[in-house]
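Peer 1: Quick one: structure below, then a few questions.
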Amino acid sequence: QVQLVESGGGLVQTGGSLRLSCAASINISSINIMAWYRQAPGNQRELVGTITSHETSNYAESMKGRFIISRDTDKNTLHLQMDSLKPEDTAAYFCSALYRGSTYWGQGTQVTVSS
């Protein structure tokens, strides 16, 4: 079992920045892939980006150059740095972890970008 707890969401103006965190209950060095997803009201959950245990990251096209995923293995925490935020980035953001063949999810943190 892996517990994931997101934090750092909030209200920000267009062009602003936020840094989301996802604290894991286990050593994240043992997690194959961690990811951030987001879901806006009425929309399906979409992938923001992933990072592997080898620190290889990939991003959805619309997030490239604005979002950066990183891991802090000392604190077992996944981060999502979001810059140049747009109103269309408004969504609930979730972290996930693929560990020993199972996928685990956090409860999400809300990000609202005002125009």
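Peer 1: Sorting 86, 64, 75 by accessible area (1.4 Å probe), largest first, what list results? Don't skip to the end; give the middle numbers.
Peer 2: Numbers: 86 80, 64 110, 75 150 Å².
These residues rank, largest area first, as 75, 64, 86.
Peer 1: While we're on this one: Which order do 45, 66 take when ranked by solvent-accessible area (1.4 Å probe, heavy atoms of all protein chains), largest first? Let's see the in-between values first.
Peer 2: Values: 45 95, 66 30 Å².
From most accessible down to least: 45, 66.
Peer 1: Please list 5, 12 from largest to smallest accessible area, probe radius 1.4 Å, with all protein chains kept in place.
Peer 2: Values: 5 80, 12 20 Å².
Highest to lowest solvent-accessible surface, that is 5, 12.
Peer 1: Compute, for residue 56, the solvent-accessible surface of its heavy atoms (probe 1.4 Å) with the complete set of protein chains present, and express it in square angstrom to the nearest 10.
Peer 2: Here the residue's solvent-accessible area equals roughly 70 Å².
Peer 1: Next question, about the same structure. Can you pull the accessible area of residue 33 for me, 1.4 Å probe, Å² to the nearest 10?
Peer 2: We get 70 Å² for residue 33.
Peer 1: How large is the accessible surface of residue 115 in square angstrom, using a 1.4 angstrom probe and rounding to the nearest 10?
Peer 2: 130
The values are calculated or read from the model by the stated rules, or taken from the named source; none is laboratory data. Just so you know, these numbers come straight off a predicted model, no measurement behind them. Calculation scope for accessible area: heavy atoms of the full protein, side chains included, ligands and nucleic acids excluded. Shrake-Rupley method; radii C 1.70, N 1.55, O 1.52, S 1.80 Å.
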